[in-house]
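The values are calculated or read from the model by the stated rules, or taken from the named source; none is laboratory data. Every value quoted in this text rests on a predicted model; they were computed, and no experiment measured them. Reconstructed Cβ throughout: ideal geometry from the backbone, glycine too, with neighbour counts over all protein chains shown. The accessibility values were calculated without ligands, DNA or RNA, using every heavy atom of the protein model including side chains. Shrake-Rupley method; radii C 1.70, N 1.55, O 1.52, S 1.80 Å.
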Amino acid sequence: ATAQIGVTGLAVMGRNLARNFARHGYTVAVHNRSWARTQSLVADHGADGTFVPSESMAEFVASLERPRKVVVMVKAGGPTDAVIAELVPLLEEGDIVIDAGNAHFPDTIRREAELKAHGLHFVGTGVSGGEEGALNGPSIMPGGSRESYTTLGPILEDISAKVDGVPCCAYVGPNGAGHFVKMVHNGIEYADMQLIAEAYDLLRQGLGASASEIGDIFAEWNSGDLESFLIEISADVLRHVDAETGQAFVDVVLDRAEQKGTGRWTVQNALDLGVPITGIAEATFARALSGSVPQREAARGALPAHAAAWDVQDRDAFVEDVRLALYASKVVAYSQGFDQIAAASAEYDWDIDRGAMARIWRGGCIIRARFLNRITEAYERDANLPLLLADEYFTGAVGNGVAAWRRVVAAAAQNGVPTPAFSSSLAYYDGVRADRLPAALVQAQRDFFGAHTYHRVDRDGTFHTEWTGDRSETAQ
Ligand code: 6PG
């Protein structure tokens, strides 16, 4: 046995991870269900380093040094279970199975427990950065036992992206923690993408600007606080011209956004935990709305807009307003995502270091952005920050843009431009900072029709009012 790490499942992500390991000097065992794909990896990329190809799973396992480290990079769900079932009888105590796909964290919790019963470590890890990241340095979010991280961690840190020399890989927490954090990363990714799309729509409709002009605006934004991978690629996309029609590429793409499920999982879990992640939820529903074809057909032309033609007077001021509103909404989305991580960490006993998560998201991943440095610093100031949005840096940065944010959301409503993520983020901001919420009335209504009781502002205890009787109050 000579290989230090193995990869089974050599579709594009697995292939690129294997190449990344090889380029970092590791001897990499490679295996795929179809032998031809394994052969082509070695034929095409043998120059990357040392690969040990195997046709059968048994040979593949035998080619690995102990404790064996096997990265499974196949489709989430059934295919992952099938590969694990094939691997387990071939492995020995202390070996480590790494699931680097986008698994749903409850599956990871289950698999970790199953493998532990066999004396094996199971590491469910988030890997972000797409194909390019897998090859040149992704952000890596490994869960599982701490013990497994002592041997596996250094290798993963080695192949991860680096920001100022710091690896974008850190131990996340036990069992499902790594995949959970990756799931929330994807939820934030959905929110970020939707917010950028809304900014684009506002500029397009408010200014009548062309796609490429908006691409130029985004490119300019990318040199400031908004600097991020997603803004950068959005600028690129908007400036791209379709070769066939000569039109802006974005105009020939059907306006239906699909998803593979990680955003939906994020929202489902937030509902279970009772964490308001409104930006992510709106972004997920915005994709669903875009795909609601019969509903959209029924509504188009039938629902009156009663909106005036939009006539922005000061172009530069409007662009700046949209930029500030985007930044503020983005802070809300991240703040909500970090809240969800904190709630899950408490619920599932994961003890996740949120500062470390911000640090490993600074590079390699899809949501990488300059502003992740500000989040890292906020958690350095206070590791137990109750609300990211309330950190002193963000109160300043967001406070600076609130007036603009209100103008943008108001103008969007006035002019009939849908901005679910911008608007709900502002509503969250105003809700979370409110002295009093109308939740008092909701609770009173619950007591009225269901005797659900209430608490009082002026003394402890649980109370109920006899609404149908003399309206006297009784302590419960
Ligand atoms: C990443 C991405 C990656 C993938 C998303 C796409 O971090 O590298 O998040 O995992 O591109 O899963 O998700 P949807 O298909 O749901 O948009």
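Any idea which of D81, D44, D48 is in contact with a Lys or Arg (Cβ under 7 Å, 6 or more places away or on another chain), modelled with pLDDT of 95 or more and either closer than 22 Å to G178 by Cβ or open to solvent by 10 Å² or more (accessible area, probe 1.4 Å) (or both)?
Unique residue meeting the criteria: D48.
With respect to L389, is the statement that it is more than 16 Å from the ligand (Cβ to nearest atom) and assigned to a helix (DSSP H, G or I) true?
yes
Specify which of the listed residues (F21, F51) is touching a residue at least 12 places away in the same chain (Cβ under 8 Å), of a type in the set (F, W, Y) and over 19 Å from L152 (Cβ atoms).
F51
Return the residues of segment 400-422 that are closer than 15 Å to K330 by Cβ, in a helix (DSSP H, G or I) and open to solvent by 30 Å² or more (accessible area, probe 1.4 Å); say none if nothing qualifies.
Once the filter is applied, which keeps residues that are closer than 15 Å to K330 by Cβ, in a helix (DSSP H, G or I) and open to solvent by 30 Å² or more (accessible area, probe 1.4 Å), segment 400-422 yields only P420.
Here's the yes/no breakdown for (1) within 24 Å of S423 (Cα to Cα); (2) within 16 Å of the ligand (Cβ to nearest atom):
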position: D216; (1), (2): no, no
position: E227; (1), (2): yes, no
position: D242; (1), (2): no, no
position: W265; (1), (2): yes, yes
position: L273; (1), (2): yes, no
position: A286; (1), (2): yes, yes
position: E297; (1), (2): no, no
position: A305; (1), (2): yes, no
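Could you count how many residues in segment 154-193 are touching a residue at least 40 places away in the same chain (Cβ under 8 Å), among the acidic types (D, E) and open to solvent by 20 Å² or more (accessible area, probe 1.4 Å)?
Summing the residues that are touching a residue at least 40 places away in the same chain (Cβ under 8 Å), among the acidic types (D, E) and open to solvent by 20 Å² or more (accessible area, probe 1.4 Å) in segment 154-193 gives 2.
Can you find even one residue in segment 195-205 that is open to solvent by 20 Å² or more (accessible area, probe 1.4 Å) and within 16 Å of the ligand (Cβ to nearest atom)?
Checked against the condition, which is being open to solvent by 20 Å² or more (accessible area, probe 1.4 Å) and within 16 Å of the ligand (Cβ to nearest atom), segment 195-205 yields at least one hit.
Being within 12 Å of the ligand (Cβ to nearest atom) and either surrounded by fewer than 23 Cβ atoms within 10 Å (Cβ to Cβ) or not β-branched (V, I, T) (or both) is true for just one of A117, A113, A100. Which residue is that?
A100
When segment 218-244 is examined, which residues are found to be among the aliphatic types (A, V, I, L, M), within 16 Å of R204 (Cα to Cα) and open to solvent by 20 Å² or more (accessible area, probe 1.4 Å)?
A219, V237
Which ones in segment 132-153 are open to solvent by 10 Å² or more (accessible area, probe 1.4 Å), away from the ligand (no atom under 16 Å from the Cβ) and not small (G, A, S)?
Once the filter is applied, which keeps residues that are open to solvent by 10 Å² or more (accessible area, probe 1.4 Å), away from the ligand (no atom under 16 Å from the Cβ) and not small (G, A, S), segment 132-153 yields R146, E147, Y149, T150, T151.
Considering each of I155, I140, I196 in turn, give the residue that is of a type in the set (V, I, T), within 17 Å of I352 (Cα to Cα) and at pLDDT 95 or above.
I140
Pull up segment 250-260, narrow it to residues that are touching a residue at least 12 places away in the same chain (Cβ under 8 Å) and surrounded by fewer than 18 Cβ atoms within 10 Å (Cβ to Cβ), then point me to the one that is farthest from the ligand (Cβ to nearest atom).
Applying the filter and picking the extreme gives D251.
Does V72 meet the test of being open to solvent by less than 10 Å² (accessible area, probe 1.4 Å), away from the ligand (no atom under 16 Å from the Cβ), closer than 23 Å to G173 by Cβ and of a type outside the set (F, W, Y)?
Considered against the rule, which asks whether it is open to solvent by less than 10 Å² (accessible area, probe 1.4 Å), away from the ligand (no atom under 16 Å from the Cβ), closer than 23 Å to G173 by Cβ and of a type outside the set (F, W, Y), V72 comes out as no.
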